[in-house]
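Notes for the one structure printed next.
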Amino acid sequence: MILRRVARPLLAAIFISGGIGALKDTQGHAKAAEPFFTESFDKLEGVLPESVPRDPATLVRIDAAVKVGAGLALATGRAPRLASLLLLGSLVPTTLATHRFWEIQEPAERQQQQIQFIKNAGLAGGLLLAAADTAGKPSLGWRAKRAASKTEKHAEKLAKKAEKAITK
């Protein structure tokens with residue numbers, strides 16, 4: 001459908017752009033996100049394996065790669081549901097790390113960060129819609145229920161045949 005071919009690249013563009021920007025200025029993004037990372041890792045101490053990187057610059061690079069890769073996948077229609085979920089998984093911590101308007105005292109900056117936070121919430125809504133979009137095909141849940149129902153009916157038929165064979 002033409003709508004998907006237009007909407008997906010439009011939704012993906014901000015993530016691709018943001019990912020490229022983060023790769024170009026990794027240290028700046030890492031510095032902005034460091035308080036969030038520190039707070040998060042302190043709360044998750046003992047829960048996360050030691051193999052999870054804790055360096056803010058490394059985490060920013062990983063996040064940027066997800067944004068660019070999943071953004072390109074969404075834009076081109078390659079695994080769009082998975083790409084949308086990956087972008088959503090990237091968007092939530094990015095938003096919480098960089099748009100903490102509730103911590104800002106200066107009114108103009110607080111308002112600006114609140115606008116960015118709400119914009120990202122809107123993007124999250126778009127990603128949820130994209131993740132749920134089956135492009136007119138039945139969902140996996142529907143297909144699984146239907147397959148289970150068919151299997152159950154088939155098993156009942158086989159059981160009746162077996163019962164008739166035994167009683168003969």
Residues other than Thr167 with Cβ under 12 Å of its Cβ, Lys/Arg counted +1 and Asp/Glu -1, net out at +3
Roughly how many Å² of Lys161 are accessible to a 1.4 Å probe, to the nearest 10? 140 Å²
Per residue convex hull volume, Cα only, the chain, in Å³ is 185 Å³
Neighbours of His154 by Cβ distance under 13 Å: Lys/Arg at +1, Asp/Glu at -1, summed charge +4
Can you give the relative contact order of segment 65-168 as a percent, counting alpha carbon pairs under 8 Å and 6+ residues apart? 25 percent
Carbon plus sulfur fraction of accessible area for the chain, probe 1.4 Å, in percent: 64 percent
With every protein chain left in place and a probe of 1.4 Å, what is the accessible surface of Glu50, to the nearest 10 Å²? 150 Å²
Return a whole-number percent for the relative contact order of segment 1-137, with Cα pairs under 8 Å and 6 or more residues apart as the contact set. 30 percent
How large is the accessible surface of Phe37 in square angstrom, using a 1.4 angstrom probe and rounding to the nearest 10? 40 Å²
Just to be sure I follow the rule: in the chain, considering lysines 8 or more places apart or on different chains, how many pairs have Cα atoms under 25 Å apart? 21
Tilt of helix 56-76 relative to the longest C-alpha principal axis of the chain, in degrees (0 to 90, nearest 10)? 50 degrees
P(r) of segment 16-102 over all Cα-Cα pairs, 10 Å bins starting at 0, rounded to whole percent, reads 17, 46, 30, 6
Any idea what angle helix 2-24 forms with the longest principal axis of the chain, computed on alpha-carbon atoms, 0 to 90 degrees, nearest 10? 40 degrees
Roughly what angle does helix 26-43 make with the longest principal axis of the chain, taking Cα atoms, 0 to 90 degrees, to the nearest 10? 60 degrees
Listed residues Arg143, Arg81, Arg5, Arg100 arranged by accessible area, highest first, probe 1.4 Å: Arg5, Arg143, Arg81, Arg100
So, in Å, what gap is there between the alpha-carbon centers of segment 103-158 and segment 1-74? 20 Å
Solvent-accessible surface ranking, highest first, for Val6, Val52 at 1.4 angstrom: Val6, Val52
Whole-Å semi-axes of the ellipsoid equivalent to segment 95-138 (Cα gyration tensor, √5λ, descending): 32, 8, 5
Sort Asp42, Asp55 from largest to smallest accessible area, using a 1.4 Å probe on the heavy atoms of the protein chains. Asp42, Asp55
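The values are calculated or read from the model by the stated rules, or taken from the named source; none is laboratory data. Worth saying up front: this structure is predicted, and the values here are computed from it rather than measured. FYI the Cβ positions are ideal-geometry reconstructions off the backbone, even for glycines, and counts take in every protein chain you see. Ligands, DNA and RNA are stripped out before the accessible areas are found, and what is left, the full protein with its side chains, is counted by its heavy atoms. Shrake-Rupley method; radii C 1.70, N 1.55, O 1.52, S 1.80 Å.
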